[in-house]
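Scroll down for the structure; my scribbles are underneath it.
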Amino acid sequence: MAVDPASERHHAGDRLRAGRVGALERINVRGVLYLVRHGRTAQNAARRLLGHLDVPLDELGRRQAKALGEVEVLRRATRVVSSPLARARETAAALGPPVSVDDRWVEIDYGSYDGIELADSGALFREWDRDLGYRPPGGESLVDVGERARRACDELWVESRTNDVVVVSHVSPIKAAVAWALGVGDEVAWRMFLDVASLSVVGEGRRGPTLRSFNETLHRPSA
């Protein structure tokens, strides 16, 4: 019998909201680090670079944050750590556990490129293709972001080995955190796509942190 893809996505979202992450229950380790990207903003929808510009969620982003708040494994976490930017704090507030702010989880500072259309950002990314340490005027480099995100991960890892902790952040810091979990360099960021209101999961493995799930989006509305 044919399966209606829309119906299957609906039921998959129901399973996730009931406490399942993808096809899995909460992974069977002592503690888990959940990495959540904030819900959508108008600038995301318009395909603009969004770094330190402090903007709120749009209507869809607010619904995405609400859907994240219905994911049981997030609701049951010990605490939430958020970027200081409004779009992250709005998302974090919807999850339920107590929220603290850590500036190290703020999005990359694009400097003079912040807010421009992605179609006009080619010069910036060509510089980063040549050198991850390149800092745009008034901004920071991918290496800078990687260093601060890795320091934050090292500290949180001690706690998340015994308690579930959620981080609500942005594309660049979350990609850096995934690189930290994989034990690889920041250049791996070019091989990842991270959607708005997505969920990635890091748990303890035999040799330290291991990536258990990446860019889960079944829980959230996309329109």
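Please treat every number below as a calculation from the coordinates, not as lab data. The model shown is predicted, which means the values in this text are computed figures rather than measured ones. Glycine also receives a Cβ, built like all others from the backbone with ideal geometry; neighbour counts cover every protein chain displayed.
General observations
- The local environment of residue 190, defined by Cβ-Cβ distances under 10 Å, has a net charge of -1 under the rule Lys, Arg +1 and Asp, Glu -1.
- C-alpha long axis of helix 59-68 to longest principal axis of the chain, angle in °: 50
- Among 151-161, 111-121, sorting by the average number of other beta carbon atoms lying within 10 angstrom of each residue, highest first, gives 151-161, 111-121.
- 3J(HN,Hα) from dihedral phi, region 114-130, Karplus parametrisation 6.51/-1.76/1.60, rounded to Hz, x for glycine, proline: 4, x, 6, 5, 4, 4, 9, 9, x, 4, 4, 6, 5, 4, 5, 4, 7
- In Hz, Karplus ³J(HN,Hα) per residue of region 93-110 (6.51, -1.76, 1.60; θ = phi - 60°; x = Gly, Pro): 5, 7, 7, x, x, x, 10, 10, 10, 10, 4, 5, 9, 5, 5, 4, 8, 7
- Under conditions of 37 °C and 0.692 mPa s, region 71-166 yields 216 µm² s⁻¹ as its translational diffusion coefficient, taking Rh as the Kirkwood radius over Cα pairs in the Stokes-Einstein equation.
- Amide H partners (placed H, <5 Å) of residue 51, local residues excluded: 110, 115
- Principal-axis tilt of helix 5-17 within the chain, Cα atoms, nearest 10 degrees: 80
- Legend: ranking of residues 222, 83 from fewest to most surrounding C-beta atoms inside 10 Å; resulting order 222, 83.
- Volume in Å³ per residue [convex hull over Cα atoms, computed for the chain]: 128
- Between amide H atoms placed 1.01 Å from N, distances below 5 Å from residue 198 occur with 37, all of them 5 or more places distant or on a separate chain.
- Share antiparallel - DSSP beta bridges, the chain, percent rounded to 5: 50
- Taking other C-beta atoms within 10 angstrom as a stand-in for reagent exposure, 41, 91 fall in the order 41, 91, fewest first.
- With K and R counted +1 and D and E -1, the other residues having a Cβ less than 12 Å from that of residue 56 yield a net charge of 0.
- Interchain or long-range residues, amide H under 5 Å from residue 212's placed H: 201, 202, 203
- Peptides 138-150, 44-56, ordered by how many other C-beta atoms sit within 10 Å of their residues on average, highest first, read 138-150, 44-56.
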